[in-house]
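Undergrad: Once you've had a glance at the structure underneath, I'll fire off some questions.
Coordinate-derived values only; no laboratory data. Source: prediction; values computed, not measured. We place every Cβ from the backbone using ideal geometry, glycine too, and count neighbours over all the protein chains shown.
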Amino acid sequence: MRRAMAALSILSAAGVPAEAYAGGAAAAGSVLQLCAAPQGATAQEGLLTHPDGRLLQVRWRAASAALPSCASLPLPVAPAAVTAVHALTSAQAASLAGTLLVQMDAGGARIASVESGAEAPRQDRQAMPVRENLLPLLTARPYGVEERLTAELKEGRLRIDCHAGSKPAGLLLAGPWYLPAAAMRLHAAASPSSAAGAAFVLGVADAARAAREDAAAIGALGNETSFALPARLDGASWQHFSIACPEQAAQLELASLSLQPLPGKEAGRSAWVWQSRQWMEEGDSVLAWAARHGLRTLFLAVPLTAAADGLAVAQPERLAAFARRAAAQGIAIWPVDGDPRMVLENEQAATLARLRAYAAYNAAADAPARLRGVQFDIEHYLLPGYERAAAELDRAYLALLRGLRREAGGLALEFVVPFWWSGKSALLAGLAEHASGVAVMDYRTDPAQIRRFAQPFLDWGVAHKKQVRVALEAGYLPPELQRRYARADAGEAWLVQLDGVPLLVLLKSAQANPHGASFRLQSERVLDGSATTFHTDPAALLRLLPALEADFSAWPSFNGIALHELK
């Protein structure tokens, strides 16, 4: 649930003597350096985390103050001319050929992310969007006797003219999708055929049917508006919809074609209580708040304390009393725990001890006082240096999952994940093996985006029989700055290498880069958070919830909407 301005990457601490740069331009300029972090330092801005827990740092300073034990790169600018430095992976650096987008804090001093300004090609098939007109996104291809058919797909509307004839002819409508693993109907807004009794037949084909040049007929356009999809259709291998011409001459205009979810079983809402003081000292208020918003699960920060055999719940009798009162209202209690450093080798044992403390509490509690599960909000990708050590840190995350499952003592385990993990196959496979479910941080305010980002996880949950919560944000998020740069002879952004590691250096003014590519500032805009959080319009969130809940309930994996920073 955290929001972090970004972290720099893991770098080598091999040194280049600063004396080598003591004269010439460097003496009047600055130097970038990689050094070991001070003893006792903790992960913070400018520090780089190694998978074994060691911390390194990147600094820029006057050339005359360079440390001889650190790797160094001279810069022909004063230290005050540098505003920020961000470490990249080699793949990231290679992608920044023409334009780049830099996202920063509002003051422009800390870099959150760097990516190419060119739109990346979509590699894999995506879940078919729901409640959106598919026609503008589809490609149309005629089949059969081509002279029988003319078609135009323009501005989201499809017009078909069929000449009379007995030979099959029609149109195939394809897109880069698969059908969701949910109860759906296909809705069409079509004008009646201009010929009496002429029926345009709507069909659908998966890979097996397409290979046979066949389609399952699902209804006649013009007479019906809602069509059931065949029960035996392999939605994962969906290939296309089809529209078959009648034998008579006829015309059809299709204004929209959309996939509509069929509501299923209702799922309860959930929310977080991050301050333990709230439920411990103001339990009545917390439960009244939960009742007001229809919450059925609360994720609580639960204090732990040292015990003879490790850790224990600090005040088990208070937790038990609150859990019993919550259970009487039909509310389940889960502790929430987590920190990015939990994946590090020297932190994993302590993390397992925390889970054992929750399991020990549960073993001693009576049924109404028991915890329903434990939620872990780890977000190890927020560790400084994650980008350059992603593979190692992801493996450490998976190792932690295995350990937590081993120590769970029958407790359900839920993990908070970002929506952009939908393409992280190794992480999702590990979660499928060890997690009871996930809570997806689907932090958007546009309903279409919320649905689009939730779908892959809901499908994953169906495939692996896991429960999936969809989390929405209602808390304050600070504004961020987005800058666009373009390749130029001189610019305010430089791409350099220090000890083999690519670094992006931002400057106050445009200058030529003696060490690599320069990028000139083209534009900047402030991102106020309105696309991410409902903080300024919580009423809009509450109005939207019933429609989202009805749509998501079409997936048997849906476990309700989780509300972050709900007031």
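Undergrad: Take peptides 197-206, 146-155 and line them up by average Cβ neighbours within 10 Å, highest first, as a rough protection proxy. Don't skip to the end; give the middle numbers.
TA: Values: 197-206: 20.0, 146-155: 13.6.
Going by the mean number of other Cβ atoms within 10 Å, highest first, we get 197-206, 146-155.
Undergrad: Mind pulling the per residue volume of the convex hull built on the Cα atoms of the range 126-261? Å³ is fine. Walk me through the numbers before you get to the answer.
TA: Numbers: hull volume 12.8 nm³, N = 136.
Hull volume normalised by residue count: 94 Å³.
Undergrad: In nanometres, what is the gap between the two model label sites at ALA207 and ALA236, each 7 Å from Cα along Cα-to-Cβ?
TA: 0.9 nm
Undergrad: Counting only helical runs of four or more DSSP H residues, what would the 222 nm mean residue ellipticity of the chain come to if each run contributes -39,500 (n - 2.57) and the total is spread over all its residues? Walk me through the numbers on the way to the answer.
TA: Details: 11 runs with 123 residues, N = 567.
The helix-only estimate for the chain comes to -6500 deg cm²/dmol at 222 nm.
Undergrad: So if the hydrodynamic radius of the range 229-316 is defined as the Kirkwood radius over C-alpha pairs, what does Stokes-Einstein give as its diffusion coefficient at 10 °C and 1.306 mPa s, in µm² per second?
TA: Values: Rh = 19.5 Å.
Here the translational diffusion coefficient equals 81 µm²/s.
Undergrad: Rg over Rh of the range 312-436, using C-alpha atoms and the Kirkwood radius, what does it come to?
TA: Values: Rg = 15.6 Å, Rh = 15.4 Å.
In the range 312-436, Rg relative to Rh is 1.01.
Undergrad: Same structure again: Using Cβ counts within 10 Å as a stand-in for footprinting exposure, how do GLU379, GLU407, GLU433 rank, fewest first?
TA: GLU433, GLU407, GLU379
Undergrad: Mind checking which aspartates and glutamates have their C-alpha under 19 Å from LYS466, skipping anything on the same chain fewer than 8 residues away?
TA: Cross-link targets: GLU266, ASP377, GLU414, GLU433, ASP442, GLU549, ASP551.
Undergrad: Let me ask something else about it. Kirkwood Rh and Cα-based Rg: tell me the resulting Rg over Rh for the range 483-553, rounded to two decimals.
TA: Computed over Cα atoms, the ratio is 1.35.
Undergrad: Ok, one more. May I ask for the net charge around HIS535, where only other residues with Cβ less than 9 Å from the Cβ of HIS535 are counted and Lys, Arg are +1 while Asp, Glu are -1? Let's see the in-between values first.
TA: On the way: positive: none; negative: GLU473, ASP537, GLU565.
Result for the neighbourhood of HIS535: -3.
Undergrad: Can you give the direction-averaged projected area of the convex hull of the alpha-carbon atoms in the range 94-193, in nm²? Don't jump to the answer; show the numbers that get you there.
TA: On the way: hull surface 47.0 nm².
Reported value for the Cα convex hull: 11.7 nm².
Undergrad: Using only the C-alpha atoms of the range 355-503, find the volume of their convex hull and express it per residue in Å³. Write down the numbers at each step before the final one.
TA: Values: hull volume 26.7 nm³, N = 149.
For the range 355-503, the hull spanned by Cα atoms encloses 180 Å³ per residue.
Undergrad: Mind listing the Cα extents of the chain along all three principal axes, in Å, largest one first?
TA: Rounded to whole Å, the extents work out to 89, 70, 41 Å.
Undergrad: For the range 436-567, what ratio Rg/Rh do Cα atoms give with a Kirkwood hydrodynamic radius? Please report the intermediate quantities before stating the final value.
TA: Working: Rg = 20.9 Å, Rh = 17.7 Å.
Across the range 436-567, the Cα-based Rg/Rh ratio is 1.18.
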